[in-house]
Amino acid sequence: MKNFLKKSTLFLALIFVVFQSCSSTGPSDEVEVMKPLNLTIKADIIGATTQKPNGDGSGKVNFTLSATNATSYKILIDGKTSESANGSFTYTFTSAGTNTYTVYASAYNGANFISSTTTITVFVGSNLIWSEEFNVDGAPDNSKWNTQIWDPGYVNNELQSYTNRSKNIIVEGGVLKIKALREEYGKGNFTSGRIESNGKFEFTYGTIVIRAKIPTGAGTWPAVWMLGSNIGSVGWPACGEIDILESVGKELDQNHSSLHSPGRSGNTPDTGIIKVPNSNTEFHIYKANWTATSIKFYVDDVLYYTFQNSDKFPFNKNFYLIVNLAMGGNWGGDVDPNFTSSTLEVDYIRVYN
């Protein structure tokens, strides 16, 4: 009997050990996920040679990431994030000139990751990607522009009716002329013109060059500017606004370049001002150099304002161009009682990569 009890006890103990052993290797146990190690970033600048170490001007770079235990990769370049399972990425830089960028990379295995950075200097040639020379007399080119028709007060409490009449908007002698008139028309006492490139030309980043002469008279409010193409879905100011040429007749010979965004709209703090002598009697060159990291504004090649751009702002996606001449409104103010007419003239608008 004693032998039987000893054998039974030994048998039960053995079963318990086996059960515990089986349980410890069952499917409910978590498998340890290894953390990636030894992340490397390799950058191959297309066209790079001893004579041209920063590339051939195309701005194209092939990146290869590798790390031990990694199952996927992410890379952040110029404010944009991309993902890859094999660590291969291709990115084309678009800001003209020779610029140095910081590249952020991460390698993942489940929730575990490792990160690293590197810097790269890339040369991008400056190419004209779009231009409007206003060389064909008549109405603005409808393959490039939409002509707006609005009643007074549609925005900014402005006083003008926008029309598509040739007396308000015409290309003549190689120049776009938008003419504001004091006249009873529709629901108001002033008329003018406004054209937009939305749906016909939209772009992200570049250098915008405008040659223009502004109108004369208190109450005039001319502008060449840009709005985010997603304004229809997110509204203003979430879409972002970039004003390149903007002035008001009550402050003659003064140009404002401003950026509007959520929390920084209306009387935005993001504004630069420059004196432009004879701006209503002579043509001047107004320019914006727009990148993922900055937007720089110039008049006649004089840099007068730099905005520090980043992914916190809505200035890293497609925008479209606008040319208009408003009257009165929130900023234009009271119109000179002796005002009869004045014209915004634009010689050309050119956009480079």
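The values are calculated or read from the model by the stated rules, or taken from the named source; none is laboratory data. All values derive from a computational prediction rather than experimental measurement. When we count neighbours, we look across all protein chains shown, and the Cβ atoms used for this are built from the backbone with ideal geometry, even at glycine. All accessible areas refer to the heavy atoms of the entire protein, side chains included, with ligands and DNA or RNA removed. Shrake-Rupley method; radii C 1.70, N 1.55, O 1.52, S 1.80 Å.
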Can you tell me the 0 to 90 degree angle between the C-alpha axis of helix 2-24 and the longest principal axis of the chain, rounded to 10?
20
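So what's the back-of-envelope 222 nm ellipticity for the chain, counting only DSSP H runs of four-plus at -39500 (n - 2.57) apiece and dividing by all residues, rounded to 500?
Details: 3 runs with 31 residues, N = 353.
Here the helix-only value at 222 nm equals -2500 deg cm²/dmol.
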In a shell of Cβ-Cβ distance under 15 Å around Ala218, excluding Ala218 itself, what net charge do Lys and Arg (+1) and Asp and Glu (-1) give?
-3
Give me the percent relative contact order of the chain, please, defined on Cα pairs under 8 angstrom at least 6 residues apart.
17
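Just by accessible area at a 1.4 angstrom probe, what is the order of Met226, Met34 from largest to smallest? Write out the running numbers ahead of the final one.
Working: Met226 0, Met34 100 Å².
Descending accessible area places them as Met34, Met226.
If I take every Cα pair under 8 Å that is 6 or more residues apart in the stretch 88-163, average their sequence separation and divide by the length, what percent do I get for the relative contact order? Don't skip to the end; give the middle numbers.
On the way: 70 pairs, mean separation 16.4, N = 76.
22 percent.
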Taking every other residue with Cβ under 10 Å from the Cβ of Glu345 and scoring Lys and Arg +1, Asp and Glu -1, one gets +2
Once Ser131 and Glu32 are pulled to full extension, the length gained, defined as 0.36 nm per residue separation minus their Cα-Cα distance, is 29.8 nm
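Could you check how much of the accessible area of the chain is carbon and sulfur, as a whole percent, using a 1.4 Å probe? Please report the intermediate quantities before stating the final value.
Values: 9090 of 17810 Å².
Looking at the chain in its full context, I get 51 percent from C and S.
Rule-of-thumb check for the stretch 179-338: C-alpha Rg over 2.2 N^0.38 Å? Walk me through the numbers on the way to the answer.
Working: Rg = 15.7 Å, N = 160, 2.2 N^0.38 = 15.1 Å.
Computed over Cα atoms of the stretch 179-338, the ratio equals 1.04.
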Just to confirm a number: summing +1 for Lys and Arg and -1 for Asp and Glu over residues other than His260 whose beta-carbon lies under 12 angstrom from that of His260, what do you get?
-3
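Per residue, what accessible area does the chain have, given a 1.4 Å probe and all protein chains present, in Å²? The partial results should precede the final answer.
Working: 17810 Å² over 353 residues.
Each residue of the chain exposes 50 Å² on average to a 1.4 Å probe.
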Whole-Hz ³J(HN,Hα) for each residue in the stretch 166-173, computed from phi via Karplus 6.51 cos²θ - 1.76 cosθ + 1.60 with θ = phi - 60°, x for glycine and proline: what do you get?
5, 6, 9, 8, 7, 9, 8, x
For the pair Asn69 and Ser143, what calculated FRET efficiency results from E = 1/(1 + (r/R0)^6), where r is the Cβ-Cβ distance and R0 = 56 Å, to the nearest 0.05?
0.55
Once label points are set 7 Å from the Cα along Cα→Cβ at both Asn157 and Ser233, what is their separation, rounded to one decimal in nm?
3.4
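Keeping every protein chain in place, order Arg182, Arg211, Arg165 by accessible area at 1.4 Å, biggest value first, i.e. largest first.
Highest to lowest solvent-accessible surface, that is Arg182, Arg211, Arg165.
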